[in-house]
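These notes concern the structure reproduced below.
The values are calculated or read from the model by the stated rules, or taken from the named source; none is laboratory data. What you see is a predicted model, and the numbers here were worked out from it, not measured in a lab. Here the Cβ positions follow ideal geometry from the backbone for every residue, glycine too, while neighbour counts run over all protein chains shown.
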Amino acid sequence: MDLPASGPAVHAHIRPAADGHWHLKWSNAGHPAPLLVTADGAVESLVQHDTLLHHALPPRPRTCASRSLAPGSTLLLYTDGLVEERGEDIDENIDRFAHLLATAPPGIRLHALLRSLLETVCPREAQDDTVLFAVRIPMS
């Protein structure tokens, strides 16, 4: 686009696959890693990433990672404003976020989970945008 701007981004696509699974394909340019919560409550950070988007860097081909999402799993994408706080370690905050996901009550409704996460994790005086986006794969 030839703009003198930069910023992190995750570009993701999900589509239905066989047996009730969904297929996730994504590219991450320096954004906090999406989190995947399996139906049994295990949390995985999808840490595969690529080169940052920055106007001073030459254009390069993007790479993508892919993953099968099983029924009952939840994919969470979030902005750094949710986990970044001045004077705090962002990795520790992401670990705390992942722990809250792993210890959420089984079967919690998605809107209740998101509200709880925002109330628990979101900095009280956020200095940045705060967005939490989730997709739960339906049980077959």
Open item on the list: Within the stretch 86-108, does at least one residue satisfy the condition of being in a helix (DSSP H, G or I), farther than 24 Å from I137 by Cα and in contact with a helix residue (DSSP H, G or I) (Cβ under 9 Å, 6 or more places away or on another chain)?
Closed with: yes
- [ ] Please state which of the following conditions T130 fails to meet, knowing it meets all the rest: (1) of a type in the set (V, I, T); (2) assigned to a loop (DSSP other than H, G, I, E, B); (3) modelled with pLDDT of 85 or more.
- [x] (3)
- [ ] Please specify each residue of the stretch 2-33 satisfying the condition of being hydroxyl-bearing (S, T, Y) and modelled with pLDDT under 85.
- [x] S6
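Any residue at all in the stretch 48-55 that is modelled with pLDDT of 90 or more and under 30 Å from G107 (Cβ atoms)? Spell out how you get there, then give the answer.
Within the stretch 48-55, the first condition is being modelled with pLDDT of 90 or more, and the residues that meet it are none.
Scanning the stretch 48-55 turns up no residue that is modelled with pLDDT of 90 or more and under 30 Å from G107 (Cβ atoms).
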